Amino acid sequence: MKGLLPGERADDLLRNNLKIIQSDEVFSFSMDAVLLAHFCSVPAKGRVLDLCTGNGVVPLLLSARTKAPIWGVEIQERLWDMAVRSVRMNALEERLTMMNMDLKEAHLHFGHGAFDLVTVNPPYMPVTAGEQNGNPHFAAARHEIYATLEDVIAACSRLTKFGGKVAMVHRPSRLADIMGLMREYSLEPKRVRLVHPRLSEEANMVLVEAAKNGKPDLRLLPPLIVYKNETDYCDELMAVYYEPLKEGDTQ
């Protein structure tokens, strides 16, 4: 397929005829990103930014939910290049823009308070936690090599307008840190949803949405149980993956 480099493939995102360029040589997107794009409150108008965008999966998925312009920021040049070509492959250049930059410096380019929604699927593990993968792309996707959790939340706060939303997917073990840092940086947590592999298992993901300078009012949403038995996704997740979206759809 035109636009692919050696070792790359074009995967079907299963929704709205979208495709994305991936490679086994770099970290591919996972359910975390899909759930984030499903969970966040997307404005019908305004501006949307996805930090740690990787190969651009969240902006691509969000393009089916809003006509608002969407930007993605990725520090790794190879992943950024894949995102750019994925946007081109889907003929979305007029609405999606991928930027190769450090999220800690994004406000210098965009300005403070430039976005109505900022989404982020950051690395989950501190540099000191666990053994890092020898592949630098995998290591950067999993460990806070380029930005700590505080760096990420501070960047989200700088880039979000008053009353705007920030949506994040992370690990439940970091939830206390996330909540504390969000409040420290004027992001008031508003919605939290835990994701469990199965009903009898502990949560392994958490989705958090906050409002910039919002008033305290936290909603704990019903948990998402990924598998309804040993092998089959629950009905909600099947809809997330397979049902087409149109502008104005709410999640």
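The values are calculated or read from the model by the stated rules, or taken from the named source; none is laboratory data. This one's a predicted model, so the numbers in the text were calculated from it and none came from an experiment. Note: ideal-geometry Cβ built from the backbone for every residue, glycine included; neighbour counts use all protein chains shown. Ligands, DNA and RNA are stripped out before the accessible areas are found, and what is left, the full protein with its side chains, is counted by its heavy atoms. Shrake-Rupley method; radii C 1.70, N 1.55, O 1.52, S 1.80 Å.
Observations, loosely collected:
- Full extension of the chain between Lys67 and His109 yields a length gain of 12.9 nm, computed as 0.36 nm times the residue separation minus the alpha carbon distance.
- Carbon and sulfur %, accessible surface of the chain computed with the full protein complex present, 1.4 Å: 53
- The rule of thumb for compact globular proteins, 2.2 N^0.38 Å, goes into the C-alpha radius of gyration of the chain 0.95 times.
- Spatially proximal aspartates and glutamates relative to Lys215 (Cα-Cα < 12 Å; intrachain offsets below 8 disregarded): Glu188
- Were the residues from Leu4 through Tyr242 laid out at 0.36 nm apart, the gain over their Cα-Cα distance would be 83.2 nm.
- For region 167-251, the dipole from Cβ point charges (+1 on Lys and Arg, -1 on Asp and Glu) about the Cα centre works out to 400 debye, to the nearest 20.
- Calculated diffusion of region 78-120, Stokes-Einstein form, Kirkwood radius summed over Cα pairs, 20 °C and 1.002 mPa s, µm²/s: 182
- The Cα-based radius of gyration of region 1-96, divided by its Kirkwood radius, gives an Rg/Rh of 0.93.
- Of Lys104/Lys161; Lys45/Lys212; Lys67/Lys161; Lys19/Lys190; Lys104/Lys165, pairs whose Cα-Cα distance is over 22 Å: Lys19/Lys190
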